[in-house]
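The values are calculated or read from the model by the stated rules, or taken from the named source; none is laboratory data. It should be emphasised that the depicted structure is a prediction, and the values quoted were computed from it without experimental measurement. Please note: Cβ atoms are built from the backbone with ideal geometry, for glycine as well, and neighbour counts cover all protein chains shown.
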Amino acid sequence: MNLNKMEFTIADLRKGERGIISDISSRNIPLKLLEMGCLPGNEVELLQVAPFADPMYLNINGSHLAIRKETAALIFIDKLSHE
Amino acid sequence: MSKQINVALIGNPNTGKTSVFNALTGLNQKVGNYPGITVEKKEGICKLPRGVKAHILDLPGTYSLNASSLDENVVIELLLNKNDKDFPDVAIIVSDVENLKRNLLLFTQIKDLKIPTILVINMADRMNRKGISLDIPYLEQHLNTKIALVSTRKNSGIQDIKDLISNYRELSVQPCLDTSTIDSSYFERLAKAFPNQEPYKLWLVITQDVNFGKMTRQELDVSKFQTKSEGELKRLQQKETIKRYQFINKVLKEGQTIDASKATSLRAKFDRILTHKVWGYVIFFIILLTIFQAIYDWASVPMDLIDSSFVSLAEWVKDTLPAGIFTNLLAEGIIAGIGGVAIFIPQIAFLFLFISVLEESGYMSRVVFLMDRIMRRFGLSGKSVVPLISGTACAIPAIMATRNIEHWKERLITILVTPFTTCSARLPVYLIIIALVIPEGRFLGLSYQALTLMFLYLIGFGMAVFSAYILDKILKSNHKSFFVIEMPGYKIPLLKNVGITVLEKTKSFVFEAGKIILAISIILWVLASYGPGDEFNNAEAIVNSQHTTLNNLELEDKIAAHKLEHSYIGIIGKGIEPAIKPLGYDWKIGIALVTSFAAREVFVGTLATIYSVGSADEADDTIKNKMAAEVYSNGAKVFTLASGISLLLFYAFAMQCMSTLAIVKRETNSWKWPLTQLIGMSAIAYVVALIAFQFMK
């Protein structure tokens, strides 16, 4: 892992924050998630979290999905700063 | 040439596919199962001009042709098998105007199979509100298809679909993109090995093993062509998905404009409250209470009506038809049996009414979201909440409601533990025993009796969760669990959809489970009405000689009781007495245990008969008084606090419901699981009741 670069995943997002998917840990991510729009280059916004921040309710590329935190931690993003 | 056109309705979940199906077929539809599996098969007929009929098959919702559940696998197996009698002449892809991008992924896959395809863009009535406009001619041209813009809510566009089906031969079968470019050399080799097959079709067959496991009904054998590792295949599938999205993005960039400034969304506002960390749970709890209240309150009226009509029907049959075996079988066996099925109809109908409203409105996904974390600790899924709650009314619709849990292990555990929740059939048993053995008195203003009842509900739920936890540790799962749920937009439920769901689910319960309940009722009747030897056959003479002072009514009761004792079922009761004695029960309770295997509420009725309470005065307190007066030969009471508690606990845990076992058999498609349930739950019930009695006596 490149320690010089900050590595964020969707699991690190806070409510209302957004990011661009940069990379996905491909072996462990179910194809279904990709098919639902979770692909590099697409924007993610964390809309809502259940208690303990798990599961996470996301808007990925216009799709509204909830995934468990363990899955969210496998999707790397570049965080977008608040404007 | 056949005049019937085979049409397959395919689409992502939550696109209103079922609404389109209902709009095309009306009530002209039937629901069955695919052979060998429990996936629901919905088909119907749609009448087209010039006497042509379209056979419409509503396939399970799927996000792509790469199946990850049994439901999705049905879709791909059908589309890959040209010999299947349901193989579509034309495929209709139903998409939702708000999620067109994602919906088109499946569309491009179907197109690559070179099946004539119609694209239905549903929920067109929401376009204005969402600021979406579409260039239909552009989209038709670039997607090589014909498009029907539909609103099932406004009932518009349905005729367009019918016209397109009629003229399906004019549809293009040109694929949208060339899959083979993801790895040209691999696909070239594939084409060489199977020169007569579509490359994309081969690719699907090969990757299906990676995704889901062996296909069962494939016509192609690709087992000899395995030149890539699973990891490589997975990477290629990802590449394929990315390529498809690139194509879709390119087309939509021109063909679709979204003016975000015009979009108004209620979603965010509703979500802020309904998925709130505190308010979300409070609202969920209030909705639950309302549903329970409604099911108990509203359903009790029609249930009483059904009950009394069947009782009077049975009486009428007995009075009208000539006396004899056939009349008795009809009145006591068959009519009582059908009544036993019909009595559940109101609760099932109400429950499915609420469930389908919650599902159609989009709220159910929010509940799943809220509950997933908690349920996961016990090997369940957020999606298990609905069945566990429904189980408090009746385990049968609850088990039917597990179908949307995509992970087999989580679904199986939910099915197995749901019967622990206190269903309404346990209530009459609880009420009479509590009244009998729990003393009156109050603790903190609450009566002991009410507290006992509440405790019984709590241990039922507790045992369900606890056994889920144990099963989670024991059961092995062959595919990995992951959880993703789409959070659909909020919608007002369509009356037609809700109505059809309630009708279909109720029908399927009555006919599927009904057959088995009826059979068991008849068997029980036979066992209770016949017996071997003199004691049974000469019961009248024997009782008459023993009791000479009784009046006729009392005498008849005595004769009935004597006959029962020496009937086959009485012999069974006597036979199991040694086993149930340590639990504090006598043989008469034993008979009630055996008969209440068909359904728990039979317990009270059986004891009523055995304690020779005449049918003339079958009021509860009479049974209660008789039960209270029941003594062993040494004068000790049969129903004490110890034996009463033991009995309550036994009924709390034991699997005594034929109908549930029948449904579990149907849903798991094997006798293994209902038998596991029967043996496991009965064992738990026995041990707990034994410990309770031995400690308290």
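Among B:Leu139, B:Leu113, B:Leu104, B:Leu134, which is assigned by TED's automatic domain parsing to the domain that holds B:Tyr168 and more than 26 Å from A:Asn42 (Cβ to Cβ)? Reasoning before the result, please.
Details: B:Leu139 fails: more than 26 Å from A:Asn42 (Cβ to Cβ); B:Leu104 fails: more than 26 Å from A:Asn42 (Cβ to Cβ); B:Leu134 fails: more than 26 Å from A:Asn42 (Cβ to Cβ).
Testing whether each residue is assigned by TED's automatic domain parsing to the domain that holds B:Tyr168 and more than 26 Å from A:Asn42 (Cβ to Cβ) leaves just B:Leu113.
Please go through the range B:238-258 and pick out each residue that is touching a residue at least 12 places away in the same chain (Cβ under 8 Å) and of a type in the set (Val, Ile, Thr).
B:Thr241, B:Ile248, B:Val251, B:Thr257, B:Ile258
When the range A:1-21 is examined, which residues are found to be loosely packed, with under 10 Cβ neighbours inside 10 Å and either touching a Leu at 6+ places or on another chain (Cβ under 8 Å) or at pLDDT 90 or above (or both)?
A:Arg14
Residue check: is B:Pro419 buried (at least 19 other Cβ atoms within 10 Å of the Cβ) and out of contact with any strand residue (DSSP E or B) (no Cβ under 6 Å at 6 or more places or on another chain)?
Yes: the conditions hold for B:Pro419.
For the range B:250-278: of the residues being surrounded by 14 or more Cβ atoms within 10 Å (Cβ to Cβ) and in a helix (DSSP H, G or I), which is nearest to the chain's Cα centre (by Cα)?
For the range B:250-278, the residue satisfying everything is B:Leu274.
Select, from B:Ile286, B:Ile273, B:Ile248, the only residue that is out of contact with any Asp or Glu (no Cβ under 8 Å at 6 or more places or on another chain), of a type in the set (A, V, I, L, M) and farther than 22 Å from B:Arg126 by Cβ.
Every option except B:Ile286 fails the conditions.
Which ones in the range B:40-66 are assigned to a loop (DSSP other than H, G, I, E, B), without any contact (Cβ under 8 Å) to a residue 60 or more places away in the chain and among the aliphatic types (A, V, I, L, M)?
Matches in the range B:40-66: B:Leu59 only.
Working only within the range A:26-60, note down all residues that are at the interface with chain B (Cβ under 7 Å from one of its Cβ atoms) and part of a loop (DSSP other than H, G, I, E, B).
A:Ser26, A:Arg27, A:Pro30, A:Met36, A:Gly37, A:Leu39, A:Ala50, A:Asp54, A:Pro55
For the range B:342-455, list the helices (runs of 4 or more DSSP H) that sit wholly inside it and hold at least 2 residues that are within 14 Å of chain A (Cβ to nearest Cβ) and at pLDDT 90 or above; which are they?
Passing ranges, in order: B:363-376.
When the range A:62-72 is examined, which residues are found to be buried (at least 16 other Cβ atoms within 10 Å of the Cβ) and either facing chain B (nearest Cβ under 7 Å) or in contact (Cβ under 8 Å) with a residue 60 or more places away in the chain (or both)? Don't jump to the end; show me each part of the working.
Restricting attention to the range A:62-72, the residues satisfying the condition of being buried (at least 16 other Cβ atoms within 10 Å of the Cβ) are A:63-69, A:71-72.
Correct list: A:Ser63, A:His64, A:Leu65, A:Ala66, A:Ile67, A:Arg68, A:Thr71, A:Ala72.
Give the residue, chosen from B:Val317, B:Val282, B:Val311, B:Val301, that is closer than 30 Å to A:Pro51 by Cβ and assigned to a helix (DSSP H, G or I).
Result of the check over B:Val317, B:Val282, B:Val311, B:Val301: B:Val282.
Which residues, counting only those in the range B:141-174, are free of Cβ contacts under 8 Å to residues at least 60 places away in the same chain and closer than 28 Å to B:Ser261 by Cβ?
Scanning the range B:141-174 gives B:Ile147, B:Leu149, B:Ser151, B:Lys154, B:Ser156, B:Gly157.
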